[in-house]
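Asks: Below you will find the structure I want to go over with you.
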Amino acid sequence: LGWGPVVDGLIIPKDPISVILTGQHHKMPVMLGSNADEMSASSPPVVTPAQVRTLFDSYVPEAYEAEGLTLYPPGTTNAQARQSYIQTLTDAQFTAPARRLAKGLDVFQTEPVWRYLFSHAQAGLGAFYGSAHGLELPFIFQSVEETSYGKGTFFNNNDRVVAKAMMDYWTKFARAGNPNGTGL
């Protein structure tokens, strides 16, 4: 989509990808990741199998189209097609770039690179959106109950357990450079 840092020569003096791929980045423990259903909130509510095939026809090189449609089958129903559409765009725009970044960092440093996949589907919202882009943030920052979608039946004990676990992982990482520990 062309989103990325702006190389201004001062705050960001060089292209970050080039810096990482040449090992010029600061070596430190890193934790990065993505959500399992990143694109669900920005995908159309109805997607047809034909639309999934059109997506592949339009954006995937012909040599890889059949394999792509095998990995992300359009299905026979609109619900199956929407899920395929979401997973295709999620993996292309979030999962694969996170994986590539983690691998790139790992090549030139001995400090650990931790990768996560947030897949929790919050009560209420999760039925349609799953773990959409940004829905992990209130769990990380312990503010789910303060959101408009964190009240009543949209927030349950399972959500509290996930929020507590996330705070434990992220705090442990901030403190020690490793998200794991006793009980984690």
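The values are calculated or read from the model by the stated rules, or taken from the named source; none is laboratory data. In this text the structure is predicted, and so the values were computed from the model without any measurement. Here the Cβ positions follow ideal geometry from the backbone for every residue, glycine too, while neighbour counts run over all protein chains shown. Note: areas computed on protein heavy atoms with side chains; ligands, DNA, RNA excluded. Shrake-Rupley method; radii C 1.70, N 1.55, O 1.52, S 1.80 Å.
Asks: Quick check on SER84: is it under 20 Å from the mean Cα position of the chain (by Cα) and not in a helix (DSSP H, G or I)?
Replies: no
Asks: Shifting gears a bit: Consider GLY130 against the criteria (1) in contact with a strand residue (DSSP E or B) (Cβ under 9 Å, 6 or more places away or on another chain); (2) without any contact (Cβ under 8 Å) to a residue 40 or more places away in the chain: it satisfies all of them except one. Which criterion is unmet?
Replies: All conditions are met except number (2).
Asks: A follow-up question, please. Of the residues that make up segment 6-27, is at least one surrounded by 11 or more Cβ atoms within 10 Å (Cβ to Cβ), charged (D, E, K, R), closer than 30 Å to LYS172 by Cβ and touching a Ser or Thr at 6+ places or on another chain (Cβ under 9 Å)?
Replies: yes
Asks: Among the residues of segment 110-130, which ones are more than 15 Å from the chain's Cα centre (by Cα), closer than 16 Å to PRO179 by Cα and surrounded by fewer than 17 Cβ atoms within 10 Å (Cβ to Cβ)?
Replies: GLU111, PRO112
Conditions (1) modelled with pLDDT under 95; (2) closer than 29 Å to PHE139 by Cα; (3) open to solvent by less than 80 Å² (accessible area, probe 1.4 Å); (4) of a type in the set (A, V, I, L, M, F, W, C), marked per residue:
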position: TRP3; (1), (2), (3), (4): yes, yes, no, yes
position: PRO49; (1), (2), (3), (4): no, no, yes, no
position: ALA63; (1), (2), (3), (4): no, no, no, yes
position: LEU101; (1), (2), (3), (4): yes, yes, yes, yes
position: GLY104; (1), (2), (3), (4): yes, yes, yes, no
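Asks: For the structure I just gave you, tell me whether GLY183 is of a type in the set (Gly, Ala, Ser) and either at pLDDT 90 or above or within 30 Å of ARG53 (Cβ to Cβ) (or both).
Replies: no
Asks: Return a yes/no flag: does segment 165-184 have any residue that is exposed (fewer than 13 other Cβ atoms within 10 Å of the Cβ), farther than 22 Å from ASP91 by Cβ and in contact with a Phe, Trp or Tyr (Cβ under 7 Å, 6 or more places away or on another chain).
Replies: Yes, some residue in segment 165-184 is exposed (fewer than 13 other Cβ atoms within 10 Å of the Cβ), farther than 22 Å from ASP91 by Cβ and in contact with a Phe, Trp or Tyr (Cβ under 7 Å, 6 or more places away or on another chain).
Asks: Could you say which residue among THR95, THR90 is open to solvent by less than 30 Å² (accessible area, probe 1.4 Å), in a helix (DSSP H, G or I) and in contact with a strand residue (DSSP E or B) (Cβ under 6 Å, 6 or more places away or on another chain)?
Replies: None of the others qualify; the one that does is THR95.
Asks: How many residues does segment 99-131 hold that are assigned to a loop (DSSP other than H, G, I, E, B), more than 13 Å from VAL162 (Cα to Cα) and either in contact with a helix residue (DSSP H, G or I) (Cβ under 9 Å, 6 or more places away or on another chain) or among the basic types (Lys, Arg) (or both)?
Replies: Total meeting the criteria: 6.
Asks: Please give the number of the condition ALA79 fails out of (1) modelled with pLDDT under 95; (2) within 23 Å of the chain's Cα centre (by Cα).
Replies: ALA79 satisfies every listed condition except (1).
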